[in-house]
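Some notes on the structure that comes next.
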Amino acid sequence: MGTSPVHACGKRGIFLIYDVSDIKTVHAPQQPATTMRLNRSLHVFLIGAGLSDLIAKEFVSKWDVEIPRPITYGTPSAPPPQPESIDFKVLNSRTKRMNVTEAPEMPDLPPITGTINVTVQIVEDPKLPDPPPPLPVLPPDDPAVIARMAELRENHRGTELVFLSATVYDHNRTLLRIYPNGRVGDSVTAWSNVDFHHFSGFSTYRVKDAQDGTLYDFGLLMGIGGIDTRHWKEIAKARGIDYNGPEIPKIPEMTDLAVGGPSFVVIEGDAKSPAMDILEQIHDLYRKEGARMEEAYHAREKARAKRKAYLLANPPKPEDIVIKFWERDPSHSK
């Protein structure tokens with residue numbers, strides 16, 4: 001029988017199954033599952049000939065994952081403190097009027113246009129304090145450096161990069177392409193029943209090793225796009241025209257998120273690739289933090305809509321620019 005390995009992640013664990021051409025439905029067994037702890041190379045389950053449904057045994061998820069930093073909810077940041085004002089003595093000044101066009105705050109808003117004053121001033125040396133000297137460079141054999149490096153090696157390996165491409169279809173299926181540390185040769189392509197817009201509120205997730213407690217941080221460099229075919233089909237129908245937009249590619253059957261929890265099906269890639277670990281980790285993370293991630297996503301969308309409405313009602317104007325030059329007084333630095 002010619003088969004290729006396919007991984008699926010269900011509500012109670014992660015499965016390894018085999019893709020057979022005449023089997024279209026993959027599901028977890030209804031009876032209590034057998035718990036197994038196996039290396040990936042041993043995750044092989046035999047399929048009986050003539051079965052109409054595929055039953056796979058589960059093994060316990062091994063990833064202890066978390067989001068180490070706060071998730072963004074769209075709340076505006078506190079304004080930075082205003083710098084202390086400086087009383088400049090202007091020696092010479094020249095102003096020019098210019099028509100400018102600036103990029104909008106949001107991509108779907110009109111550009112910011114207007115006429116501004118650009119002023120260049122020559123001013124007297126304000127005698128600002130000298131910048132602080134750079135910190136001394138400690139030699140590699142310094143005891144403090146050695147102790148700090150030992151601590152980092154013991155408790156924190158550092159951050160690895162995960163290049164992830166996500167195309168979300170109708171907010172309920174996502175086509176994922178994962179490149180661990182940017183390596184194209186180790187990439188894995190999979191379908192997920194998670195809306196990966198919910199992953200856009202943070203940049204790093206953390207994995208704790210079950211054996212020695214070592215922490216591993218993974219920085220998500222995610223490019224994401226959404227295609228809402230239902231929305232555009234409704235618009236086309238309301239206008240009495242044919243829908244000619246993008247169609248959802250063929251998606252392997254999987255349980256909806258609300259019914260079976262986070263799950264995925266791999267359609268391309270090596271089962272031994274480190275991208276498989278990442279695929280399992282991000283679904284384990286959503287199983288643990290998904291409710292908070294979704295809540296934060298809707299809060300960001302609400303804040304974004306509110307901000308957009310404000311900018312449309314109060315179009316911003318470009319601001320004038322003042323550039324100051326001065327020659328430092330040599331006697332001041334002595």
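Would it be correct to say that Val194 is surrounded by 12 or more Cβ atoms within 10 Å (Cβ to Cβ), aliphatic (A, V, I, L, M), in the same structural domain as Val265 (by TED's automatic domain parsing) and part of a strand (DSSP E or B)? Spelling it out, it is not the case that Val194 is surrounded by 12 or more Cβ atoms within 10 Å (Cβ to Cβ), aliphatic (A, V, I, L, M), in the same structural domain as Val265 (by TED's automatic domain parsing) and part of a strand (DSSP E or B). The sole residue among Glu84, Glu105 that is at pLDDT below 95, charged (D, E, K, R) and exposed (fewer than 11 other Cβ atoms within 10 Å of the Cβ) is Glu84.
Given the criteria surrounded by fewer than 12 Cβ atoms within 10 Å (Cβ to Cβ), of a type in the set (Val, Ile, Thr) and either modelled with pLDDT of 85 or more or over 16 Å from Ala166 (Cα atoms) (or both), does Ile241 qualify? Yes; evaluated as a whole, the condition is true for this residue.
With the requirement that a residue be among the aliphatic types (A, V, I, L, M) and under 30 Å from Arg304 (Cβ atoms), what does region 77-123 give you?
Of all residues in region 77-123, those among the aliphatic types (A, V, I, L, M) come to 78, 86, 90-91, 98, 100, 103, 106, 109, 112, 116, 118, 120, 122-123.
Selection gives Ala78, Val100, Ala103, Met106, Leu109, Ile112, Ile116.
Can you tell me which of Ala305, Ala275, Ala271 is more than 24 Å from Asp186 (Cα to Cα), in the same structural domain as Leu164 (by TED's automatic domain parsing) and hydrophobic (A, V, I, L, M, F, W, C)?
When all the criteria are applied, what remains is Ala305.
Tell me, yes or no, whether region 208-223 has at least one residue that is modelled with pLDDT of 90 or more and either of a type in the set (Val, Ile, Thr) or not assigned by TED's automatic domain parsing to the domain that holds Phe264 (or both). No, region 208-223 contains no residue that is modelled with pLDDT of 90 or more and either of a type in the set (Val, Ile, Thr) or not assigned by TED's automatic domain parsing to the domain that holds Phe264 (or both). Restrict the check to region 298-316 and report whether at least one residue is surrounded by 12 or more Cβ atoms within 10 Å (Cβ to Cβ), farther than 27 Å from Phe196 by Cβ and of a type outside the set (A, V, I, L, M). Yes, there is a match, as at least one residue in region 298-316 is surrounded by 12 or more Cβ atoms within 10 Å (Cβ to Cβ), farther than 27 Å from Phe196 by Cβ and of a type outside the set (A, V, I, L, M). The criterion of at least 3 residues that are within 29 Å of Ala103 (Cβ to Cβ) is met, among helices (runs of 4 or more DSSP H) falling completely within region 218-334, by 229-239, 274-313. When you scan region 146-169, do you find a residue that is surrounded by 10 or more Cβ atoms within 10 Å (Cβ to Cβ), under 17 Å from the mean Cα position of the chain (by Cα) and closer than 19 Å to Gly213 by Cβ, even just one? Checking region 146-169: at least one residue is surrounded by 10 or more Cβ atoms within 10 Å (Cβ to Cβ), under 17 Å from the mean Cα position of the chain (by Cα) and closer than 19 Å to Gly213 by Cβ.
Filtered by the rule that a residue be under 30 Å from Ala150 (Cα atoms), surrounded by 14 or more Cβ atoms within 10 Å (Cβ to Cβ) and polar (S, T, N, Q), region 205-230 gives a lone residue, Thr214.
The values are calculated or read from the model by the stated rules, or taken from the named source; none is laboratory data. For clarity, every value in this text was computed on a predicted model and none was experimentally measured. Every residue, glycine among them, receives a Cβ derived from its backbone with ideal geometry; neighbour counts consider all protein chains shown.
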